[in-house]
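Here's the structure, in structure tokens; my notes come after.
The values are calculated or read from the model by the stated rules, or taken from the named source; none is laboratory data. Because the structure is predicted, anything quoted here is derived from the model rather than measured. Heads up, the Cβs are rebuilt from the backbone with ideal geometry, glycines too, and the neighbour counts pull from every protein chain shown. Protein only, heavy atoms only, side chains kept; ligands, DNA and RNA dropped before computing areas. Shrake-Rupley method; radii C 1.70, N 1.55, O 1.52, S 1.80 Å.
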Amino acid sequence: MTKYPQDDFKPYDDGRSKTEQVEAMFDRIAPQYDRMNRTMSFGTDRGWRKAAIRHLSRYAPRKVLDVATGTGDFAIEAYRGLLPDVVVATDISEGMMDVGRRKVARLGLEDRIEFRRENSLSFSFADDTFDAVTVAFGVRNFADLDLGLSEIRRVLRPGGHLAILELTVPEHAPVRQCYDLYARYVIPLLGRVMSDDGRAYSYLPTSIHLFPQGEAMRGIISRAGFREVGLRRMTLGTCTFYWATK
């Protein structure tokens, strides 16, 4: 499998694996994550999730897997927009999922959204389990992108659908230059002010720049064995929606 620059890029300068460091980072920033996310995206992340769920709604999936669920926002949106039998929300960070579990409990959806600690590179699920898989802003944190996509494909049933949202770098000036300044200076500053882990908010924008963008990512998804792979850039190219079919 191909190695990509972000596969080896880690949040901290220590000897732990990328998976271990990403888990520790998200455990640490979990209490402030939702507030930081809304602030950094100016609230547009909600609209991105809704657009992805509208795309999936035409297929009426009954069993949905939300990978790298974090605090559960995409899992909640998936349940509200799709009304499946169950949404299984997975992550390596118990700290993030604990925040998600509290949100789900407040909404009375504990019997519809199930949180499970899973490594996206080696799911415990059987082959062909899910009708749809969603991932929001998580694939760039995979320690092995090809392996992660392969595992997602394995647990999707034949004909099942994949929806990925990922932050991307705008292609055209002057938006790209403005974005670069925002990512380089403003996001790390907000991280230092609003959380207790400024290093995390230096890692996150750098990981966006390192991650395959647009057509390159579409090619990677296709090479993982998916078909009907499409993409749509949103909000001046700051987020890209990728979709595919097994």
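Quick look at the numbers
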item: Selection from the range 125-136 of residues that are surrounded by fewer than 23 Cβ atoms within 10 Å (Cβ to Cβ) and out of contact with any His (no Cβ under 8 Å at 6 or more places or on another chain); result: Phe125, Ala126, Asp127, Asp128, Thr129
item: Any pair with Cβ under 9 angstrom, 6 or more apart, that starts in the range 195-212 at a residue that is of a type in the set (A, V, I, L, M) and at pLDDT below 80 and ends at one that is assigned to a helix (DSSP H, G or I) and surrounded by 18 or more Cβ atoms within 10 Å (Cβ to Cβ); result: Ala200/Met25; Ala200/Phe26; Ala200/Arg28; Ala200/Ile29; Ala200/Gly191
item: Qualifying residue in the range 5-16 (condition: open to solvent by 60 Å² or more (accessible area, probe 1.4 Å), in a helix (DSSP H, G or I) and more than 27 Å from Thr129 (Cα to Cα)); result: yes
item: All positions within the range 36-49 that are assigned to a helix (DSSP H, G or I) and more than 17 Å from the chain's Cα centre (by Cα); result: Thr39
item: Residues being out of contact with any Asp or Glu (no Cβ under 8 Å at 6 or more places or on another chain) and either in contact (Cβ under 8 Å) with a residue 40 or more places away in the chain or under 17 Å from Arg38 (Cα atoms) (or both) - total across the range 177-194; result: 11
item: Single residue of the range 213-225 satisfying the filter (in contact (Cβ under 8 Å) with a residue 40 or more places away in the chain and either within 18 Å of the chain's Cα centre (by Cα) or closer than 17 Å to Asn141 by Cα (or both)) that is most open to solvent (accessible area, probe 1.4 Å); result: Gln213
item: Residue in the range 25-34 that is touching an Asp or Glu at 6+ places or on another chain (Cβ under 9 Å), at pLDDT below 95 and among the β-branched types (Val, Ile, Thr) present; result: yes
item: Pro170 at pLDDT below 95 and either in a strand (DSSP E or B) or surrounded by fewer than 21 Cβ atoms within 10 Å (Cβ to Cβ) (or both); result: yes
item: The listed residue being within 19 Å of Asp7 (Cβ to Cβ) and open to solvent by 40 Å² or more (accessible area, probe 1.4 Å), out of Arg192, Arg232, Arg153, Arg184; result: Arg153
item: Qualifying positions in the range 71-88 - under 17 Å from Lys50 (Cα atoms) and either in contact with a strand residue (DSSP E or B) (Cβ under 8 Å, 6 or more places away or on another chain) or open to solvent by less than 10 Å² (accessible area, probe 1.4 Å) (or both); result: Thr71, Gly72, Asp73, Phe74, Ala75, Ile76, Ala78, Tyr79, Leu82, Pro84, Val87
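Quick grid of which residues meet (1) in contact with a His (Cβ under 9 Å, 6 or more places away or on another chain); (2) of a type in the set (Phe, Trp, Tyr); (3) surrounded by fewer than 21 Cβ atoms within 10 Å (Cβ to Cβ):
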{"residue": "Lys18", "(1), (2), (3)": "no, no, yes"}
{"residue": "Glu23", "(1), (2), (3)": "no, no, no"}
{"residue": "Arg28", "(1), (2), (3)": "no, no, yes"}
{"residue": "Gln32", "(1), (2), (3)": "no, no, yes"}
{"residue": "Thr39", "(1), (2), (3)": "no, no, yes"}
{"residue": "Thr44", "(1), (2), (3)": "no, no, yes"}
{"residue": "His55", "(1), (2), (3)": "yes, no, yes"}
{"residue": "Val67", "(1), (2), (3)": "no, no, no"}
